[in-house]
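Provided herewith is a single structure, encoded as C-alpha coordinates, for subsequent inquiry.
The values are calculated or read from the model by the stated rules, or taken from the named source; none is laboratory data. Predicted model only: the values in this text are computed from it and were never measured. Accessible surface areas use protein heavy atoms only, side chains included; no ligands, DNA or RNA. Shrake-Rupley method; radii C 1.70, N 1.55, O 1.52, S 1.80 Å.
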Amino acid sequence: MLPEVTATRYVTPLREGGSLPGIVEADDLGTYVVKFTGAGQGRKTLVAEVLCGRLAQRLGLRVPDLVRVQLDPVIGLGEPDQEVQELLKASGGLNLGMDFLPGSMGFDPLAYRVDAREAGRVVWFDALTGNVDRSWRNPNMLVWHGGLWLIDHGASLIWHHNWATAAKAADKPYDASDHALAPMGPDIASAAAELAPRVTEELLAECVADIPDEWLAGEPGFDTPGALRRAYTEVLAARAGTVHERITVGAPSQDGPSRAPGWLKDWADAVSGLNKGGGAR
(Lines give C-alpha, C1' and ligand atoms only; values in the text may rest on other atoms or scores of the structure.)
Protein backbone atom coordinates (compact mmCIF):
# COMPACT_ATOMS: atom_id res chain seq x y z
CA MET A 1 0.00 0.00 0.00
CA LEU A 2 1.17 3.51 -0.76
CA PRO A 3 2.17 5.69 2.22
CA GLU A 4 -0.61 7.94 3.47
CA VAL A 5 -0.40 11.59 4.53
CA THR A 6 -2.92 14.25 5.51
CA ALA A 7 -3.07 17.55 3.67
CA THR A 8 -2.43 20.55 5.90
CA ARG A 9 -2.26 23.45 3.42
CA TYR A 10 -3.23 24.03 -0.18
CA VAL A 11 -0.41 26.07 -1.70
CA THR A 12 -1.21 26.85 -5.33
CA PRO A 13 -2.91 25.34 -8.40
CA LEU A 14 -1.10 23.98 -11.43
CA ARG A 15 -3.53 24.81 -14.20
CA GLU A 16 -3.41 21.79 -16.49
CA GLY A 17 -6.59 21.45 -18.50
CA GLY A 18 -9.56 20.12 -16.58
CA SER A 19 -7.66 18.20 -13.90
CA LEU A 20 -6.35 21.28 -12.01
CA PRO A 21 -3.73 19.54 -9.84
CA GLY A 22 -2.37 21.58 -6.96
CA ILE A 23 0.69 21.85 -4.76
CA VAL A 24 -0.19 20.75 -1.23
CA GLU A 25 1.74 20.56 2.04
CA ALA A 26 1.14 17.56 4.31
CA ASP A 27 1.53 16.50 7.92
CA ASP A 28 4.78 14.63 7.15
CA LEU A 29 6.31 18.04 6.24
CA GLY A 30 6.41 16.95 2.60
CA THR A 31 5.16 18.91 -0.39
CA TYR A 32 3.19 17.13 -3.09
CA VAL A 33 1.55 17.70 -6.44
CA VAL A 34 -1.95 16.39 -5.80
CA LYS A 35 -4.50 15.15 -8.28
CA PHE A 36 -8.01 15.30 -6.88
CA THR A 37 -10.88 12.84 -7.05
CA GLY A 38 -13.28 15.73 -7.62
CA ALA A 39 -11.60 16.83 -10.87
CA GLY A 40 -13.51 16.49 -14.09
CA GLN A 41 -11.35 13.64 -15.40
CA GLY A 42 -12.51 11.37 -12.59
CA ARG A 43 -10.97 8.58 -10.58
CA LYS A 44 -9.67 6.62 -13.59
CA THR A 45 -7.03 9.29 -14.05
CA LEU A 46 -5.80 8.49 -10.55
CA VAL A 47 -5.93 4.75 -11.23
CA ALA A 48 -3.73 5.25 -14.29
CA GLU A 49 -1.33 7.41 -12.28
CA VAL A 50 -0.91 4.74 -9.61
CA LEU A 51 -0.60 1.74 -11.90
CA CYS A 52 1.71 3.39 -14.44
CA GLY A 53 3.75 5.19 -11.81
CA ARG A 54 4.37 2.09 -9.74
CA LEU A 55 5.12 -0.04 -12.80
CA ALA A 56 7.58 2.53 -14.14
CA GLN A 57 9.38 2.63 -10.81
CA ARG A 58 9.62 -1.16 -10.69
CA LEU A 59 11.14 -1.12 -14.17
CA GLY A 60 13.80 1.40 -13.15
CA LEU A 61 12.30 4.54 -14.68
CA ARG A 62 12.28 7.74 -12.63
CA VAL A 63 8.83 8.74 -11.38
CA PRO A 64 8.13 10.92 -8.33
CA ASP A 65 7.12 8.88 -5.29
CA LEU A 66 3.37 8.48 -4.87
CA VAL A 67 1.35 8.89 -1.67
CA ARG A 68 -2.28 8.66 -0.66
CA VAL A 69 -3.45 12.11 0.47
CA GLN A 70 -6.33 12.47 2.91
CA LEU A 71 -8.05 15.80 2.37
CA ASP A 72 -10.53 17.61 4.62
CA PRO A 73 -12.66 19.87 2.36
CA VAL A 74 -12.43 22.60 5.02
CA ILE A 75 -8.91 23.24 3.71
CA GLY A 76 -10.48 25.07 0.78
CA LEU A 77 -12.63 27.53 2.71
CA GLY A 78 -10.02 30.28 2.56
CA GLU A 79 -9.23 29.87 -1.13
CA PRO A 80 -9.99 33.02 -3.14
CA ASP A 81 -10.39 31.09 -6.39
CA GLN A 82 -13.94 29.78 -6.69
CA GLU A 83 -12.88 26.97 -9.03
CA VAL A 84 -10.31 25.75 -6.50
CA GLN A 85 -12.85 25.99 -3.68
CA GLU A 86 -15.32 23.83 -5.56
CA LEU A 87 -12.64 21.30 -6.47
CA LEU A 88 -11.47 20.89 -2.88
CA LYS A 89 -15.04 20.62 -1.59
CA ALA A 90 -15.66 17.84 -4.09
CA SER A 91 -12.47 15.99 -3.16
CA GLY A 92 -12.93 15.18 0.50
CA GLY A 93 -11.28 11.91 1.51
CA LEU A 94 -8.61 10.07 -0.42
CA ASN A 95 -6.64 11.73 -3.25
CA LEU A 96 -3.29 11.07 -4.93
CA GLY A 97 -0.06 12.95 -4.35
CA MET A 98 3.24 12.91 -6.23
CA ASP A 99 6.43 14.08 -4.58
CA PHE A 100 7.12 17.71 -5.50
CA LEU A 101 10.57 18.01 -7.11
CA PRO A 102 11.92 21.42 -6.08
CA GLY A 103 14.13 23.03 -8.66
CA SER A 104 13.02 20.70 -11.47
CA MET A 105 12.64 22.07 -14.98
CA GLY A 106 10.47 21.06 -17.89
CA PHE A 107 12.18 18.79 -20.41
CA ASP A 108 13.64 20.68 -23.37
CA PRO A 109 15.19 18.51 -26.13
CA LEU A 110 17.50 21.35 -27.11
CA ALA A 111 18.91 21.65 -23.61
CA TYR A 112 18.89 18.05 -22.37
CA ARG A 113 20.03 15.07 -24.39
CA VAL A 114 18.76 11.57 -23.75
CA ASP A 115 20.76 8.58 -24.96
CA ALA A 116 19.20 5.95 -27.22
CA ARG A 117 18.93 3.39 -24.44
CA GLU A 118 16.99 5.62 -22.04
CA ALA A 119 14.84 7.02 -24.85
CA GLY A 120 14.01 3.47 -25.92
CA ARG A 121 13.00 2.47 -22.41
CA VAL A 122 10.63 5.44 -22.10
CA VAL A 123 9.09 4.96 -25.55
CA TRP A 124 8.63 1.23 -24.91
CA PHE A 125 6.99 1.90 -21.55
CA ASP A 126 4.66 4.49 -23.05
CA ALA A 127 3.72 2.03 -25.78
CA LEU A 128 2.99 -0.64 -23.19
CA THR A 129 0.68 1.63 -21.23
CA GLY A 130 -0.76 3.39 -24.27
CA ASN A 131 0.35 6.83 -23.14
CA VAL A 132 -0.84 9.34 -25.75
CA ASP A 133 0.37 12.38 -23.83
CA ARG A 134 4.17 12.52 -24.00
CA SER A 135 4.59 14.30 -27.31
CA TRP A 136 6.82 17.23 -28.26
CA ARG A 137 3.73 19.37 -27.74
CA ASN A 138 3.52 18.38 -24.08
CA PRO A 139 6.46 16.18 -22.99
CA ASN A 140 5.29 15.52 -19.43
CA MET A 141 8.89 15.02 -18.35
CA LEU A 142 11.05 16.95 -15.92
CA VAL A 143 14.79 17.22 -15.45
CA TRP A 144 15.84 17.03 -11.82
CA HIS A 145 19.34 16.50 -10.40
CA GLY A 146 20.55 15.65 -13.89
CA GLY A 147 18.02 12.87 -14.45
CA LEU A 148 14.90 12.53 -16.58
CA TRP A 149 11.68 12.11 -14.59
CA LEU A 150 8.33 11.00 -15.98
CA ILE A 151 5.14 12.68 -14.79
CA ASP A 152 1.43 12.75 -15.59
CA HIS A 153 0.27 9.30 -16.68
CA GLY A 154 -3.42 10.12 -16.45
CA ALA A 155 -3.93 9.78 -20.21
CA SER A 156 -2.56 6.22 -20.24
CA LEU A 157 -4.57 2.99 -20.26
CA ILE A 158 -7.12 4.49 -22.63
CA TRP A 159 -8.87 1.15 -22.91
CA HIS A 160 -10.01 1.24 -19.27
CA HIS A 161 -12.52 3.90 -20.23
CA ASN A 162 -14.30 1.24 -22.31
CA TRP A 163 -13.62 -2.25 -21.02
CA ALA A 164 -15.42 -3.80 -23.96
CA THR A 165 -12.41 -2.87 -26.09
CA ALA A 166 -9.79 -4.04 -23.60
CA ALA A 167 -9.28 -7.47 -25.15
CA LYS A 168 -8.16 -5.81 -28.38
CA ALA A 169 -5.81 -3.43 -26.56
CA ALA A 170 -3.07 -6.04 -26.33
CA ASP A 171 -2.61 -5.89 -30.11
CA LYS A 172 -3.08 -2.15 -30.59
CA PRO A 173 -0.22 -0.39 -32.45
CA TYR A 174 1.58 2.60 -30.99
CA ASP A 175 2.65 5.50 -33.18
CA ALA A 176 5.65 7.18 -31.52
CA SER A 177 6.30 9.62 -34.36
CA ASP A 178 5.36 12.62 -32.23
CA HIS A 179 6.85 11.24 -29.00
CA ALA A 180 9.07 13.79 -27.26
CA LEU A 181 12.00 11.35 -27.38
CA ALA A 182 11.56 10.17 -30.96
CA PRO A 183 14.37 12.48 -32.20
CA MET A 184 16.78 10.81 -29.75
CA GLY A 185 16.91 7.58 -31.79
CA PRO A 186 15.22 5.36 -29.18
CA ASP A 187 16.61 1.83 -29.06
CA ILE A 188 13.27 0.07 -28.73
CA ALA A 189 14.56 -3.43 -29.45
CA SER A 190 17.01 -3.29 -26.54
CA ALA A 191 14.34 -1.86 -24.26
CA ALA A 192 11.97 -4.70 -25.14
CA ALA A 193 14.66 -7.32 -24.53
CA GLU A 194 15.41 -5.80 -21.13
CA LEU A 195 11.97 -4.83 -19.86
CA ALA A 196 9.40 -7.18 -21.38
CA PRO A 197 10.54 -10.29 -19.43
CA ARG A 198 10.21 -8.29 -16.21
CA VAL A 199 6.54 -7.42 -16.80
CA THR A 200 5.18 -10.58 -15.25
CA GLU A 201 1.72 -11.14 -13.85
CA GLU A 202 3.28 -11.21 -10.40
CA LEU A 203 4.89 -7.78 -10.87
CA LEU A 204 1.68 -6.32 -12.30
CA ALA A 205 -0.32 -7.77 -9.42
CA GLU A 206 1.97 -5.99 -6.96
CA CYS A 207 1.47 -2.69 -8.83
CA VAL A 208 -2.32 -2.89 -9.07
CA ALA A 209 -2.47 -3.80 -5.39
CA ASP A 210 -1.50 -0.17 -4.65
CA ILE A 211 -4.70 1.16 -6.27
CA PRO A 212 -7.20 1.95 -3.49
CA ASP A 213 -10.33 -0.22 -3.52
CA GLU A 214 -12.59 2.83 -3.50
CA TRP A 215 -11.22 3.96 -6.88
CA LEU A 216 -12.05 0.56 -8.38
CA ALA A 217 -15.40 -0.19 -6.76
CA GLY A 218 -18.56 0.01 -8.82
CA GLU A 219 -16.97 -0.48 -12.25
CA PRO A 220 -19.66 -1.91 -14.57
CA GLY A 221 -18.96 -5.53 -15.47
CA PHE A 222 -16.79 -6.25 -12.42
CA ASP A 223 -18.17 -7.65 -9.18
CA THR A 224 -15.17 -6.74 -7.01
CA PRO A 225 -12.07 -4.54 -7.05
CA GLY A 226 -10.05 -7.74 -7.20
CA ALA A 227 -11.68 -8.76 -10.47
CA LEU A 228 -10.90 -5.35 -11.94
CA ARG A 229 -7.28 -5.60 -10.78
CA ARG A 230 -6.97 -8.93 -12.60
CA ALA A 231 -8.33 -7.34 -15.77
CA TYR A 232 -5.64 -4.64 -15.71
CA THR A 233 -3.00 -7.31 -15.14
CA GLU A 234 -4.22 -9.48 -18.00
CA VAL A 235 -4.22 -6.68 -20.58
CA LEU A 236 -0.74 -5.40 -19.71
CA ALA A 237 0.76 -8.88 -19.41
CA ALA A 238 -0.58 -9.81 -22.84
CA ARG A 239 0.69 -6.57 -24.38
CA ALA A 240 4.20 -6.60 -22.90
CA GLY A 241 5.70 -9.43 -24.91
CA THR A 242 5.09 -8.12 -28.42
CA VAL A 243 4.26 -4.41 -28.16
CA HIS A 244 7.70 -3.48 -29.54
CA GLU A 245 6.71 -5.08 -32.85
CA ARG A 246 3.90 -2.54 -33.24
CA ILE A 247 5.78 0.66 -32.37
CA THR A 248 6.33 2.96 -35.33
CA VAL A 249 8.55 6.03 -35.40
CA GLY A 250 7.93 8.09 -38.54
CA ALA A 251 8.09 11.73 -39.48
CA PRO A 252 6.63 14.02 -36.80
CA SER A 253 3.61 16.22 -37.43
CA GLN A 254 4.33 19.35 -39.41
CA ASP A 255 2.64 22.00 -37.25
CA GLY A 256 5.85 22.67 -35.32
CA PRO A 257 6.55 22.36 -31.60
CA SER A 258 4.54 24.49 -29.22
CA ARG A 259 5.89 26.47 -26.33
CA ALA A 260 5.84 24.95 -22.84
CA PRO A 261 2.27 24.57 -21.57
CA GLY A 262 1.05 27.01 -18.97
CA TRP A 263 1.08 24.50 -16.13
CA LEU A 264 4.86 24.08 -16.50
CA LYS A 265 5.31 27.83 -16.06
CA ASP A 266 3.09 27.63 -12.97
CA TRP A 267 5.23 24.73 -11.69
CA ALA A 268 8.46 26.66 -12.28
CA ASP A 269 7.05 29.77 -10.62
CA ALA A 270 5.91 27.73 -7.64
CA VAL A 271 9.33 26.08 -7.33
CA SER A 272 10.99 29.49 -7.41
CA GLY A 273 8.69 30.81 -4.70
CA LEU A 274 9.16 27.82 -2.43
CA ASN A 275 12.93 27.79 -2.91
CA LYS A 276 13.06 31.44 -1.84
CA GLY A 277 11.07 30.61 1.26
CA GLY A 278 8.19 32.86 0.35
CA GLY A 279 4.53 32.18 -0.33
CA ALA A 280 3.69 30.59 -3.65
CA ARG A 281 0.75 32.81 -4.43
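Using a 1.4 Å probe on the protein heavy atoms, what percent of the accessible area of the chain belongs to carbon and sulfur?
53
Tell me the per residue accessible area of the range 4-99 using a 1.4 Å probe; a whole number in Å² is fine.
Accessible area per residue, the range 4-99: 37 Å².
Most fluctuating residue of Asn162, Asn131, Asn140 in a GNM of the chain with Cα springs under 10 Å: which is it?
Asn162
Rounded, prolate or oblate: pick one for the chain, where a ≥ b ≥ c are the square roots of the eigenvalues of its C-alpha gyration tensor, a/c under 1.5 means rounded, and failing that, prolate if a/b is larger than b/c, else oblate.
Oblate, because a/c is 1.5 or more while a/b does not exceed b/c.
Kindly report the accessible area of the range 105-248 per residue (heavy atoms of protein chains, probe 1.4 Å, no ligands, DNA or RNA), in Å².
For the range 105-248, the per-residue accessible area is 43 Å².
Go through Lys172, Lys44, Lys35 and list them by solvent-accessible area, largest first, probe radius 1.4 Å.
The most accessible residue leads, giving Lys172, Lys44, Lys35.
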